[in-house]
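Read the structure below first, then the notes.
The values are calculated or read from the model by the stated rules, or taken from the named source; none is laboratory data. A quick note: this is a predicted structure, and the numbers were derived from the prediction, not measured. Methodologically, a virtual Cβ is constructed for each residue, glycine included, from the backbone with ideal geometry; neighbour enumeration extends over all protein chains shown. Accessible surface is based on the protein model in full, side chains and every heavy atom, while ligands, DNA and RNA are left aside. Shrake-Rupley method; radii C 1.70, N 1.55, O 1.52, S 1.80 Å.
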Amino acid sequence: MAIKRDGTVWEWGEILGDNLLIPQRVESLEKIIDISAGGRYSLALKIDGTVWAWGANYNGQLGNGTNASSSVPVQVSTLAGMTAIEGVSGHSIALKNAG
């Protein structure tokens, strides 16, 4: 994944069983300041402090209260005011602006 200077996110590689051979824009994501790839799913942090996730969701990695995978970003429930994110092997971490 990569963030362009305009705050858009681009991804390539294996995405839910599809192989993207060239970078493609992740639609609906704008004003992104941080991204993380976490083992078959991805996270994005918007400038407003909200966290968005997409990809495999077998163990609730997307944080939306379901186990349904999503090819489009969904907002992580109850998170706002975040300043950093990290996804590692099915485990996601977000740092709140208060530390």
**Study point:** Given 16 as the ceiling on other Cβ atoms within 10 Å, longest exposed-site-free region of the chain for GluC sites (Glu not before Pro) in DSSP loops
**Key:** 31-99
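Go through S28, S89 and list them by solvent-accessible area, largest first, probe radius 1.4 Å.
Numbers: S28 80, S89 110 Å².
Order by accessible area, largest first: S89, S28.
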Point to revise | Long-range HN-HN contacts of I15 with modeled amide H, under 5 Å | key: L20
Practice item. Would you list which lysines come within 22 Å of K4, measuring only between C-alpha atoms, while excluding same-chain residues fewer than 8 positions from it? Key: K31, K46
Point to revise | Charge dipole (the chain, unit charges on Cβ, about Cα centre) - positive-most of Q24, L43, S77 | key: S77
Exercise for review: Keeping the other protein chains in place, figure out the carbon and sulfur percent of the accessible area of the chain, with a 1.4 Å probe.
Suggested key: 53 percent
Review point. What does the accessible area per residue of the chain come to in Å², with a 1.4 Å probe and no ligands, DNA or RNA counted?
Key: 58 Å²
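Counting other Cβ atoms within 10 Å, keep those with at most 13, restrict to DSSP loop, and tell me which trypsin sites (Lys or Arg not before Pro) in the stretch 5-99 are left.
Numbers: sites: R5, R25, K31, R40, K46, K96; in loops: R5, K31, R40.
Loop-located and lightly packed - R5, K31.
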